[in-house]
Amino acid sequence: MSVRVRIAPSPTGDPHVGTAYIGLLNWCFARRHGGRFVLRLEDTDQERCQPKSAQAIIEALRWLGLAYDEGPDIGGPHGPYVQSERHRLGIYRRYAEQLLAQGDAYPCFCSTERLASVRAAQLAARQPVMYDRHCRELAPAEARARIAAGEPHVIRLKVPTSGEFSYRDRLRPKPFTKRWEEIDDQVLLKADGWPTYHLAAVVDDHLMGITHVIRAEEWLNSLPKHLLLNERLGFTPPEYIHVGLLRNADKSKISKRKNPTSLLWYRAQGYLPEALLNFLALLGHSHPEGREQFTIAELAEVFDIERVHVTGPVFDLKKLDHLQGLWFRQLPAERVRAEVHAAIDARFDALYPLLRERMTRGGDFLHWAEPFYSAALTVRREDLVPAGQDASAVRGLLEAMAGTCAALQAEERWTASDIEAAIRSLCEQRAAADPAQAPLCAPKLAFGILRQATLGRPHSPPLFPCLEVLGAVRTRERLAAAIQALR
Ligand code: GLU
């Protein structure tokens with residue numbers, strides 16, 4: 001049986017670095033075993049999915065060079081490769097009906113109000129929150145009559161109520177176990193007829209001949225339902241392999257609050273796809289010869305799924321910057337020239353309105369735009385601490401500003417006017433709370449310190465629009481470096 005693997009991202013936002021990571025592992029596995037690598041878009045959650053995002057995933061994979069053998073834009077023998085299109089062909093409903101006919105699924109007529117009150121009661125009683133199986137024992141004739149009368153309903157999977165689920169994932173020393181009674185009667189088909197992820201993914205993995213599902217460990221908890229569905233539908237299940245999730249430095253699941261997660265960001269920052277892939281590859285799979293720099297094609301030759309890390313690798317941008325340097329310095333001059341032009345182009349539209357007033361010729365752009373391009377600034381204590389001020393007070397102010405920036409980023413309010421309002425009010429509050437801090441927190445001084453810390457110079461175009469263009473990630477990195485310089 002020839003190997004067939006897939007990635008199945010949901011197009012709900014910017015293309016995610018986790019998609020590239022899982023894609024890369026699947027790509028290597030397929031290449032290593034002479035198999036095929038499939039891209040499927042899981043867009044059954046119509047409220048959250050956007051066509052723009054589907055297109056961006058395809059473009060990001062193309063930019064990275066993670067070529068798939070079958071997928072939405074290139075077709076293949078098992079298409080369509082977009083679940084909304086498959087839904088319109090009635091594919092998922094057929095399987096839901098098979099389960100109903102076999103008695104392995106049932107219609108559930110519970111209203112959202114009823115479900116909410118069950119949930120509230122369970123929370124109050126500190127019980128696990130799950131469906132109470134109210135409709136599970138309805139007489140089939142009654143259920144049929146209510147469906148025929150047009151009563152809204154979902155279709156739920158009948159999950160066993162006793163016994164234990166156990167699965168040996170080949171990356172993990174111990175089998176993954178769960179008591180069935182802890183597992184919900186999963187909704188398979190929603191009231192509007194759309195399938196949920198669980199039904200659609202299992203059906204498609206089967207119809208697309210997927211032999212190995214290599215995915216992040218966050219899906220382990222869904223595994224019992226997926227294997228149960230395979231069994232009830234009479235499918236031979238793929239082998240499920242769960243790899244470690246990418247993590248922030250504090251070991252939490254990678255999130256945009258703490259790391260840039262969008263592939264578009266890496267591209268706009270001028271990272272090379274080779275470097276980003278090399279970085280992601282090292283997070284998951286060390287090179288058997290201890291090599292640091294390699295292409296994914298080289299990795300595929302020695303790829304061993306059993307060596308992939310299960311303890312979530314920590315995503316460290318410094319490591320990426322190091323690899324980027326290695327790759328970049330090896331580029332031929334012509335490619336560097338193209339990268340320089342691309343870098344200017346990528347930011348020209350955002351920067352030009354800011355720099356315009358200060359430019360009298362093309363080369364001036366390079367002078368004023370410099371802080372926006374350099375990965376890190378050299379920050380000197382003496383530039384950060386205004387005459388007569390105390391370094392630890394400046395540090396305290398910068399720490400508070402860093403906190404404000406983190407909050408704005410988390411709330412996705414990274415605009416010049418929001419940054420300005422938040423920083424102004426922070427300064428006012430600090431001045432009011434401690435009159436000794438008032439001179440330092442006066443806008444002229446405080447904004448000057450912020451400018452030095454983030455743009456590395458005493459003069460710049462208007463500060464807050466500059467910070468908007470610099471972006472939350474870089475602004476926060478620079479604040480952290482400035483705080484460090486004042487320790
Ligand atoms: N659509 C799921 C996701 O967004 C796919 C999970 C899986 O690989 O089964 O990650």
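The values are calculated or read from the model by the stated rules, or taken from the named source; none is laboratory data. From a predicted model like this one, the values you see are computed outputs, not experimental measurements. Cβ sites come from the backbone with ideal geometry, for glycine too, and all protein chains shown count toward neighbours.
Laid out as a table, the results:
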quantity	calculated
Yes/no for residue 49 being surrounded by 16 or more Cβ atoms within 10 Å (Cβ to Cβ) and modelled with pLDDT under 95	yes
Single condition residue 117 does not satisfy, out of (1) surrounded by 18 or more Cβ atoms within 10 Å (Cβ to Cβ); (2) farther than 26 Å from residue 28 by Cβ	(1)
Test: residue 402 is within 22 Å of residue 269 (Cα to Cα), part of a helix (DSSP H, G or I) and in contact (Cβ under 8 Å) with a residue 24 or more places away in the chain	yes
Some residue of the range 191-198 being touching an Asp or Glu at 6+ places or on another chain (Cβ under 7 Å), closer than 26 Å to residue 91 by Cα and assigned to a helix (DSSP H, G or I)	yes
Residue ranges of helices (runs of 4 or more DSSP H) in the range 1-104 with at least 1 members without any contact (Cβ under 8 Å) to a residue 12 or more places away in the chain and among the aromatic types (Phe, Trp, Tyr)	none
Lone qualifier among 264, 272, 245, 280 - being closer than 24 Å to residue 53 by Cα and touching a Leu at 6+ places or on another chain (Cβ under 7 Å)	280
Output for the range 165-190, where each listed residue is out of contact with any Pro (no Cβ under 6 Å at 6 or more places or on another chain), within 21 Å of residue 241 (Cβ to Cβ) and in a loop (DSSP other than H, G, I, E, B)	169, 170, 171, 172, 173, 174, 175
Checklist (1) under 27 Å from residue 307 (Cα atoms); (2) of a type outside the set (Lys, Arg); (3) surrounded by 21 or more Cβ atoms within 10 Å (Cβ to Cβ); (4) more than 16 Å from the ligand (Cβ to nearest atom) applied to residue 189, failing item	(1)
Residue count for the range 436-462, restricted to those that are surrounded by 16 or more Cβ atoms within 10 Å (Cβ to Cβ), touching a residue at least 24 places away in the same chain (Cβ under 8 Å) and either touching a Leu at 6+ places or on another chain (Cβ under 8 Å) or hydrophobic (A, V, I, L, M, F, W, C) (or both)	14
Members of the range 238-255 that are surrounded by fewer than 19 Cβ atoms within 10 Å (Cβ to Cβ) and either within 26 Å of residue 166 (Cα to Cα) or free of Cβ contacts under 8 Å to residues at least 60 places away in the same chain (or both)	239, 244, 250, 252, 253, 255
Scope the range 296-349; condition among the polar types (S, T, N, Q) and either buried (at least 17 other Cβ atoms within 10 Å of the Cβ) or modelled with pLDDT under 95 (or both); matching residues	311, 324
Failed item, numbered, when residue 155 is tested on (1) of a type in the set (A, V, I, L, M, F, W, C); (2) part of a strand (DSSP E or B); (3) within 16 Å of the ligand (Cβ to nearest atom)	(3)
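For (1) more than 21 Å from residue 160 (Cβ to Cβ); (2) within 14 Å of the ligand (Cβ to nearest atom); (3) under 26 Å from the mean Cα position of the chain (by Cα), each residue gets a yes or a no:
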position: 198; (1), (2), (3): no, yes, yes
position: 212; (1), (2), (3): yes, yes, yes
position: 228; (1), (2), (3): no, no, no
position: 231; (1), (2), (3): no, no, no
position: 258; (1), (2), (3): yes, no, yes
